[in-house]
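For reference, the structure is listed below as structure tokens.
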Amino acid sequence: MALLPVEDALERLLKAARPPERTESVPLHEACDRVLASNVVARLTQPPFDNSAMDGYALRHADILQVGTVLRVIGRSAAGHAFTGSVGPGETVRIFTGAPLPAGADTVLLQEDAENLDDNRIRTAFVPPKGRHIRPRGQDFVEGEAVLEHGDLLDAGRLTVAAAMNHPVLNVYARPKVALLATGDELVPPGSALGPSQIVASNSYGVAALAREAGAEVIDLGIAADDPNAILDAVDWAKACGADVLVTLGGASVGDLDLVQPVLLSAGMELDFWKIAMRPGKPLMVGKLGGMQILGLPGNPVSSMVCALLFLEPLVRQLARMPQPDRRTFAVAGAPLPANDQRQDYVRAKVELRSDGVLEATPFQAQDSSMMKLFAAADCLIVRPPRAERAEIGDPCEILLLRPRPTGSVC
């Protein structure tokens, strides 16, 4: 099977992805970054009554047609404590922000535009337009209005208005389930005493974190030995859990002990493609087993994380109905970059914002796919297209940000 270009591989992966239709009800405090499965209709009118937008005096505009009018203060209206009477000619009510507007009043005079006199009287120092500083009933929304819509991503603002509409619980799409399976006789969990020829299994933790950040519910299937029955048992577990995606880590290449692909094929997997024209991460496997998508990531830690970033993150976000990440931007090279071969290269690099406002990406000298320390230190991946010519210091280059963009402009 020929090496597939990265862009073609991603397009085929996402084309086969079908977001699950499962929904669930979640309380407001757990609904951030979830996607609405139905419209949210206001259960009340907001504001429920005409109220004051400022601290001041509620009055009749007909009484203050000229500066220097004296009015008698007959009471006060505060939030939660409305004035129950009515404002008549020559009268006013001391009012505070959010308080109900008394009957008979049609304007609010700011407190700084009123001079306090003795005997509960004020003198006006300004004539505001009629209706000034009043929030009318229903100005925000009215009962029965669909303020939030199916498919909206719930953020701070949308959660706030949902609460204001008197909804303690929201109907959202369930998170896609991603099952992770590490494979290999050599792997042991972190914290274990290592025997001869053993290494600590690390890939699944970074991949799981990336999947959760993208909107997935992660199911950890643990570590399967290099044994067909152990791998099949884990696959059955993933099915029983209702996984939408099974991600395998390692064992998908062509060695004698790379059992993942033949075992999955024997279980009925339809292999879509295998081997990508990229570095690191060539032995990527994509297929489908019933309704479960299969994504086989390489065993080398950096290869696994780069492939997860390029393929798993957009897959999970599409299944979760979440917007795709905006990691791509441009920088200038901080060191020479050699000419590239036929595979698309992803070069670990540090990025900094120069004093002239330009992002500069400087690659690490070592790029071995087993070196996790450099991936943890990297801020970005420099994307080197197939057969790219040598780049010199200062030449423009495309990068994928691994962390938020440094503050400032880019070239």
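Every number here is computed from the coordinates shown, using simple stated rules; none is lab data. Nothing here was measured: the structure is a model prediction, and the numbers come from that model. Cβ placement follows ideal geometry from the backbone for every residue including glycine, while neighbour counts extend to all protein chains displayed.
Seen through its C-alpha gyration tensor, with square-root eigenvalues sorted a ≥ b ≥ c, segment 192-289 comes out rounded because a/c lies under 1.5.
Using Cβ counts within 10 Å as a stand-in for footprinting exposure, how do THR23, THR84 rank, fewest first?
THR84, THR23
Evaluated with a Cβ-only charge set (Lys, Arg +1; Asp, Glu -1), the chain carries a dipole of roughly 640 debye about its Cα centre, given to the nearest 20. Taking trypsin sites (Lys or Arg not before Pro) across segment 318-396, the ones in a DSSP loop with at most 11 further Cβ atoms lying within 10 angstrom of their Cβ are ARG387, ARG390.
Contact order for segment 51-135, expressed relative to its length and based on alpha carbon pairs under 8 Å spaced 6+ residues apart, stands at 41 percent.
Among residues other than ASP33 with Cβ under 12 Å from its Cβ, the summed charge is +2 (Lys and Arg +1, Asp and Glu -1).
Distance between the pseudo-spin-label points of GLU213 and SER25 (7 Å out from Cα toward the beta carbon): 3.4 nm. Structural descriptor for segment 155-278: relative contact order 28 percent, calculated from alpha carbon pairs under 8 angstrom and at least 6 residues apart. Using R₀ = 45 Å, calculate the FRET efficiency as 1/(1 + (r/R₀)^6) where r is the Cβ-Cβ separation of VAL200 and VAL142; round to 0.05. So the FRET efficiency works out to roughly 0.15.
Per-residue Cβ neighbour counts within 10 Å put MET372, MET292, MET322, MET305 in the sequence MET372, MET292, MET322, MET305, beginning with the fewest.
When you filter the trypsin sites (Lys or Arg not before Pro) in segment 116-148 for DSSP loop state and at most 13 other Cβ atoms inside 10 Å of their Cβ, you are left with LYS130. In terms of the Cα gyration tensor, with a ≥ b ≥ c the square roots of its eigenvalues, is the chain rounded because a/c is under 1.5, prolate because a/b exceeds b/c, or oblate? Since a/c reaches 1.5 and a/b is larger than b/c, the shape of the chain is classed as prolate. Shape class of segment 238-316 from the Cα gyration tensor (axes a ≥ b ≥ c, square roots of the eigenvalues): oblate, since a/c reaches 1.5 or more and a/b does not exceed b/c. A simple spin-label model places pseudo-atoms 7 Å from Cα toward Cβ; at ASP152 and ALA193 they are separated by 5.8 nm. Using r as the Cβ-Cβ distance of GLU352 and HIS61, and R0 as 60 Å, what FRET efficiency do you calculate, to the nearest 0.05? Efficiency for this residue pair is about 0.50. Sites listed here are GluC sites (Glu not before Pro) in segment 1-43 whose DSSP assignment is loop and whose Cβ has at most 11 other Cβ atoms within 10 Å: GLU21. Net charge dipole, segment 328-401: roughly 220 debye, given to the nearest 20, about the Cα centre with Cβ charges of +1 for Lys and Arg and -1 for Asp and Glu. Once you list every other residue whose beta carbon is under 10 Å from the beta carbon of LYS350, what net charge do they have if Lys and Arg are +1 and Asp and Glu are -1? Overall, the nearby charge balance is -2.
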